[in-house]
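For reference, the structure discussed in these notes is given below.
The values are calculated or read from the model by the stated rules, or taken from the named source; none is laboratory data. Just so we're clear, the structure is a prediction, and the values are computed from it rather than from any experiment. Cβ coordinates were reconstructed from backbone atoms using ideal geometry, including for glycine residues, and neighbour counts include every protein chain displayed. Please note that ligands, DNA and RNA were not included when accessible areas were found on the heavy atoms of the full protein model with its side chains. Shrake-Rupley method; radii C 1.70, N 1.55, O 1.52, S 1.80 Å.
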Amino acid sequence: MTEEPNNGTSAACKAPGAQEKAIDVAVIGAGPAGLTAGLYAARAGLEAVVFERIAPGGQLAQTEHMENYPGFPDGTNGFELAFSMKQQADRFGVRNVGEEVLSVDFTQNPKVLKTAFNEYRANSVIIATGARPRKLGLELEEELQGRGVSYCATCDGNFFRDKTVMVVGGGNTAAGDAIYLSRICKKVYLVHRRDKLRATAIYHKRLEDLPNLEFVWNAVPRKLVADEGALAGVRVEMLETGEERDIAVDGLFVAVGTEPNTEFLAGALTTDETGYIVAGESGETEVPGVYVAGDVRTKFLRQVVTAVADGALCAEEAAEYLAI
């Protein structure tokens with residue numbers, strides 16, 4: 001993708017009062033969903049402009065190895081896959097603006113996107129800003145990410161085959177992670193701050209029947225223990241007694257929820273109780289011409305493969321909208 005300068009005036013539609021042509025499809029976010037949306041929009045003959053303040057790829061670019069993306073029998077490096085997506089979008093003429101969208105106005109038509117440097121107008125908008133894992137907020141957590149600390153069991157679980165791991169959380173994601181990891185890991189600790197999981201009832205019996213899973217109830221992680229730059233254990237506080245327990249583990253999988261990147265919308269679209277944008281099957285929102293793709297939308301499964309599908313659907317919906 002050809003990158004625009006991040007200051008001054010861009011070739012895309014600009015400041016208030018400018019009589020330049022509005023962007024056909026503005027894509028906010030350059031993760032797998034955004035790159036795919038741009039690719040499909042450009043292949044449909046539309047001007048597609050992707051806004052991203054940092055390097056393309058989103059969370060995918062930070063994934064060292066992926067084993068569950070179709071087409072790669074031996075797995076693939078996340079950064080390399082993201083870069084390939086960028087190159088493919090570049091080939092079809094998708095343009096990148098290296099600016100963060102700070103606010104929007106969807107009451108106007110064309111829609112208005114504002115960055116720190118410019119104001120852009122677009123006839124349709126695809127939001128693909130993704131979500132970030134909610135972290136525990138512990139010391140060393142950032143440093144140990146990728147060195148024992150993970151936020152995606154299906155992405156990274158196989159690195160801990162026949163090892164001892166801990167899952168923190170009590171919802172469906174944590175329960176599912178624990179079940180998945182129990183199949184490949186020697187031992188799984190499931191740590192939850194209450195004495196009962198929030199996960200749906202169907203998970204409870206399955207978890208109780210796992211011979212290599214140990215529940216650690218009424219407990220919260222308080223300290224990460226490292227050895228030679230890698231995770232070696234977790235210190236948890238037993239909330240009922242105040243006592244601390246050190247648990248030696250090779251991996252820690254944090255499943256305490258995610259946080260959608262939607263702050264810039266400031267209520268412009270309807271979100272659910274957790275902040276995710278409410279969207280239909282094809283990514284449509286309540287605002288005509290505005291679509292949402294990937295992890296930032298309400299959905300059952302948040303994976304790269306579902307994000308690229310969302311991006312394709314939204315681009316096709318935008319193309320149909322613009323043809324009316």
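Listed values, structure above:
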read-out: Ser282 - accessible surface, heavy atoms, 1.4 Å probe, Å² rounded to 10; value: 30
read-out: Förster radius 56 Å - calculated FRET efficiency between Arg206 and Glu119 (Cβ-Cβ, nearest 0.05); value: 0.60
read-out: With every protein chain in place, the chain: carbon and sulfur % of accessible area (1.4 Å); value: 48
read-out: Computed E for Tyr321/Leu301 - FRET, C-beta separation, R0 25 angstrom, nearest 0.05; value: 0.45
read-out: Backbone N within the range 289-311 under 15 Å of label point (7 Å from Phe83 Cα along the Cβ vector); value: none
read-out: Alpha-carbon centroid distance for the pair the range 263-324 / the range 58-120, whole angstrom; value: 15
read-out: Calculated FRET value between Glu244 and Ser282, using beta carbons and R₀ = 56 Å, to 0.05; value: 0.65
read-out: Ordering of 22-29, 73-80, 303-310 by burial proxy (mean other Cβ atoms within 10 Å per residue, highest first); value: 22-29, 303-310, 73-80
read-out: Relative packing of peptides 128-134, 285-291, 311-317 - highest average C-beta neighbours within 10 Å first; value: 311-317, 128-134, 285-291
read-out: Overall form of the chain per C-alpha gyration tensor (a/c, 1.5; a/b vs b/c); value: prolate
read-out: Whole-Hz couplings from phi, Karplus 6.51/-1.76/1.60, listed for the range 243-256; x for Gly and Pro; value: 6, 10, 10, 8, 10, 6, 9, 8, x, 10, 10, 8, 10, 9
read-out: The chain: antiparallel DSSP beta bridges as a percent of all, rounded to 5; value: 45
read-out: Cβ crowding within 10 Å averaged over residues, with 242-248, 120-126, 252-258 ranked highest first; value: 120-126, 252-258, 242-248
read-out: Surface accessible to a 1.4 Å probe, per residue, for the residues of the chain, Å²; value: 48
read-out: Antiparallel DSSP beta bridges within the range 149-254, as percent of all bridges there, nearest 5; value: 45
read-out: In degrees, nearest ten, helix 304-323 long axis to first principal axis of the chain (Cα); value: 20
read-out: Charge tally in the Cβ shell below 13 Å around Val278, where Lys, Arg are +1 and Asp, Glu are -1, Val278 excluded; value: -3
read-out: Hits among lysines - C-alpha to C-alpha of Lys186 under 17 Å, sequence gap 8 or more where chains match; value: Lys163
read-out: Residue-by-residue Karplus 3J(HN,Hα) for the range 179-192, coefficients 6.51, -1.76, 1.60, Hz, glycine and proline x; value: 5, 4, 5, 4, 6, 10, 9, 5, 8, 10, 9, 10, 9, 9
read-out: Magnitude of the charge dipole, the chain, Cβ model with Lys/Arg +1 and Asp/Glu -1, debye to 20; value: 320
read-out: Dipole moment magnitude, nearest 20 debye, the range 149-254 about Cα centre, only Lys, Arg, Asp, Glu C-beta charged; value: 340
